[in-house]
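Read-outs: derived from the displayed coordinates by stated rules, not from any lab. The shown structure was predicted, so the numbers you read here are calculated from the model rather than taken from an experiment. In this analysis, Cβ positions are derived from the backbone assuming ideal geometry, glycine residues included, and neighbour counts consider all displayed protein chains.
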Amino acid sequence: MTTASNRVRASLPITAAIVLSGVALASEGPSPTASVNRLKAGNARFVANPAEPLPIDAEHRAAAAKGQAPFAGILSCTDSRVPPEVVFHTGLGDLFVVRSAAQVTDQSVLASLEHAVDTLHVPLIVVMGHEACDIVTSTGASTGGHAAAGAPKTPDSHGDGGETGHGSGHGAPSPAGHGTGHAAGVSGSNREYLASRIRPAVSRTASMPPDVRLRAAILENVEEQINQLLTGSGLLRRKAEAGELAFVGAYYELTSGSVHFSEIVKVAPVGVATLERH
Ligand SMILES: [Zn+2]
């Protein structure tokens, strides 16, 4: 699906860019900026007063039944402690949320977000990792303890078909590739597939000190998944290149409830994604 000529590799120093001071967005047009600011405001309400009711009463429900115009798309982990609508204090119809373990991108995720952007005109996609993601942790352990202990990777019995796909710059995997790469009906094959999608990020942080390695791997995986969206979907990439769509990375802290945003991802028409610094 993705060829060498149309691959992009975003250079997103998200580890450094996700900072307490947040992000200044000034040049992508008002819609993405407004969406980020609205998410920040909602998260601030959640942090300050988690018990404040969400706008999900009957009146909001009736209004939402007439149609939807979500102001942002969120790709986030399935972790039970990280519900985007809650941590951003949003109501019915506000967010187009796609969740997968460790916010891994695959063909269904891409199609879902393409629908959000192309049909619902969502101007912003947030890819959000979170503190203490146990999917990333377990991937590190299964990869020889990269995220957990930093030991060198050792081959496992499942092989590295998925990781090989990553390393060669594949975009989203095809269902056929998924189905034929592992024995159908083997319970471990699905989880191995998931791990294979996370290993590139885990591997890139393997040499970091143990006390920062997991967080770094989680942030690296956010960057990895943004790149997967850009490489796996021509539609998303074109929209980004045209300035009609913006991406940001985010990191949710379980303990504080705060979401920290990266700077906005700018995608140049030549297909090279860069971070705009302010
Ligand atoms: Zn997680």
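Data table
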| read-out | value |
| --- | --- |
| Under the Karplus curve 6.51 cos²θ - 1.76 cosθ + 1.60, θ = phi - 60°, whole-Hz ³J(HN,Hα) for the stretch 245-253, x wherever Gly or Pro sits | 9, 10, 10, 9, x, 8, 9, 9, 8 |
| Pairwise label distance in nanometres, His121 with Thr255, each label 7 Å out on the Cα-Cβ vector | 4.4 nm |
| Inter-probe distance in nm under a simple model that places probes 7 Å from Cα toward Cβ, at Ala51 and Val212 | 3.9 nm |
| Nonlocal amide H pairs with Leu254, under 5 Å, H built at 1.01 Å | Glu131 |
| Rg [Å, one decimal], Dmax [Å, integer] - the stretch 21-122, C-alpha atoms | 14.2, 38 |
| Options Val202, Gly188, Leu245, ranked by Cα towards positive dipole end of the stretch 186-251, top entry (Cβ charges) | Gly188 |
| Calculated from backbone phi, Karplus (6.51, -1.76, 1.60) coupling profile of the stretch 255-268 in Hz, x at Gly/Pro | 6, 8, x, 7, 10, 9, 9, 7, 6, 5, 8, 9, 10, 6 |
| The stretch 38-142: trypsin sites (Lys or Arg not before Pro) in DSSP loop, at most 15 other beta carbons within 10 Å | Lys66, Arg81 |
